[in-house]
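Input: a single structure, listed below in structure tokens.
The values are calculated or read from the model by the stated rules, or taken from the named source; none is laboratory data. Treat the numbers as computed from the prediction; the structure is a model and nothing was measured. Positions of Cβ are backbone-derived with ideal geometry, glycine not excepted, and every protein chain shown enters the neighbour counts. The accessibility values were calculated without ligands, DNA or RNA, using every heavy atom of the protein model including side chains. Shrake-Rupley method; radii C 1.70, N 1.55, O 1.52, S 1.80 Å.
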Amino acid sequence: MALKHLTKTEQLSRFILRLDRVKVSLWLIGITFFTLIVPAAFEGLYENQQERDAMAETMANPAMTAMVGPGDLENYTTGAMTTHQMLLMTALVAGLMSILLVSRHTRGDEEDGRIELIRSLPAGRLSYLNAALVVITGTSVVLALINGFGLYALGIETMDLEGSLLYGAGLGGTALVFAGVAAVFAQLSESSRGTIGLSIGVLLFSYLFRAVTDISNESLSWLSPLGWVTKTEAYTNNNWGPIFLMVVAAAILFILANYLQSIRDLESGFLPSKPGRSTASSFLQGPLGLAWRLQRTGAFFWAIGMFVLGASYGSVMGDMESFFEGNEMLQQMLQPEEGLTLTEQFIPMLLIVMSIMATVPPVIAMNKLRGEEKKERLDHLLGRAVSRTQLMGGYLLLAVLNAFIMISLTAIGLWSAADAVMEEGLSFSMIYGAAMAYLPATLVMVGLAVFLTGVLPKLTPFVWAYVLYSFFVVYLGSLMQFPEWTAKISPFGHVAQVPVEEATFLPLFLLCVVAAALMALGLIGFRKRDISA
């Protein structure tokens, strides 16, 4: 009977792989590219162990531990440095890849009616779910192997075969775990939006929980799947135990998803949905109100997440003060800027990561319009007395407000937690002003999403590649001494690192001009082009 439910799984797996062959290839190429260029760059930048030990000293502080996890700073070889500074961040991207791919072919296809059509054919009840899981499992295995053998093929002395394969297995294992998370939430939620939102929420919570416990009580970080990634200690102790935990956790989640799928009705979910009002409010009768209604739940949870992210980084500021006081070598290496403490010099590094994270929700808010178009829902709106400019303008206004609120909340969270744990505290105006300096760069990203939606709708996903590029080039730029022009390609590369640098008016003004121009072109293009799926 169980095999009957899996009928045609093999054929559906090939079908899904054919649909996603380009997306899967791009994910694999992107992750592998950034994985392989880092150790090669480290080998050229830090030519002897003395230079690597100096870098280890700069990384040995609570803020960096919260950001990238613990590492073997006593034996900071090129392999250990790569694992410490890159593995966790790359694992986050691998987890996001799994969430998006699995959500699309579970709740997404069910929401669009494709699974109902497939079930009308001689296919098993669980076949499509397991076909999606087979594809993501194969993708995870390929990700692990090409990164593992790729790292070993670099020929770096301290990066042996076992450590390289373990590094790749950490990425593949993380992808498997969050594929299971997405598969379970696809059964619980009634929409693809809810599935993605809840799954990414678990991903962010895993990261934040690990960040806090790595500082306060490292043994508790074993409760986070992302904590398992750092526990592998690739190229040093080579601990394979966490990989076993990932595989077991993924298997349990896969089984749970299959069980929930087998006992629920098609297009239903286990999480209760709130019944709507019998009559719509006057606000809901306009395009702006409708756009807000579709996004308010996700915006609320993103707002909480951004505040918690800022507070998590702010909570380690007190530990950094005591750390710097007892580390004479680091005090000599980081000569304090005039009027700034050593702690304040780490603020720009935290803010750049938080500002790029805060860019994600407003871009999601803007891309929601293209999602509604692909599902052929805009025809019903535009068939009434609603102009295209009004429709896109509503989404754009929400995205701009979203950007302002998310960056504000990260700054408030950082300041409030830091002020509570530091003896002298931090200036709110300094923290908030430094964070707001990144708002124009975020608006450029929103403007790009508007432009692509209005002029080149099929290329709308490109904005995510640009956000990912910005994160890696700005995050890794200072560590790997990238050429300055690589950062200037990103709007975030034009923002002064307050408070270390002084913010000037002209770059921020020009970023606002670019953002406004992209938005205007997008609105014009959307008004003139055909609406299509």
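Per-structure values
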read-out	value
Residues satisfying the stated conditions in the range 31-64, i.e. under 19 Å from the mean Cα position of the chain (by Cα) and open to solvent by 30 Å² or more (accessible area, probe 1.4 Å)	33, 34
The one condition in (1) free of Cβ contacts under 8 Å to residues at least 60 places away in the same chain; (2) outside any helix (DSSP H, G or I); (3) not small (Gly, Ala, Ser) that residue 156 fails to fulfil	(1)
Residue count for the range 374-418, restricted to those that are part of a helix (DSSP H, G or I), touching a residue at least 24 places away in the same chain (Cβ under 8 Å) and not hydrophobic (A, V, I, L, M, F, W, C)	13
Counted residues, the range 216-241 - those being touching a residue at least 12 places away in the same chain (Cβ under 8 Å) and under 22 Å from the mean Cα position of the chain (by Cα)	10
Failed condition for residue 499, given (1) at pLDDT below 90; (2) over 29 Å from residue 30 (Cα atoms); (3) surrounded by fewer than 19 Cβ atoms within 10 Å (Cβ to Cβ)	(3)
Near pairs, Cβ below 8 angstrom, 6+ apart or cross-chain, from the range 19-38 (acidic (Asp, Glu)) to any residue that is buried (at least 17 other Cβ atoms within 10 Å of the Cβ)	20/101; 20/104; 20/105; 20/135
Residue match in the range 441-458 (condition: hydroxyl-bearing (Ser, Thr, Tyr), over 24 Å from residue 507 (Cβ atoms) and either out of contact with any helix residue (DSSP H, G or I) (no Cβ under 8 Å at 6 or more places or on another chain) or crowded, with 21+ Cβ neighbours inside 10 Å (or both))	yes
Residues located in the range 468-486, provided they are touching a Ser or Thr at 6+ places or on another chain (Cβ under 6 Å) and at pLDDT 85 or above	470
Matching residues, the range 345-356, being buried (at least 21 other Cβ atoms within 10 Å of the Cβ) and either touching a strand residue (DSSP E or B) at 6+ places or on another chain (Cβ under 7 Å) or in a helix (DSSP H, G or I) (or both)	347, 350, 351, 352, 354, 355, 356
Helices (runs of 4 or more DSSP H) (entirely within the range 429-533) containing at least 1 residues that are touching a Cys at 6+ places or on another chain (Cβ under 6 Å) and in contact (Cβ under 8 Å) with a residue 12 or more places away in the chain	439-455
Residue within the range 120-142 that is closer than 30 Å to residue 213 by Cα, open to solvent by 20 Å² or more (accessible area, probe 1.4 Å) and free of Cβ contacts under 8 Å to residues at least 40 places away in the same chain present	yes
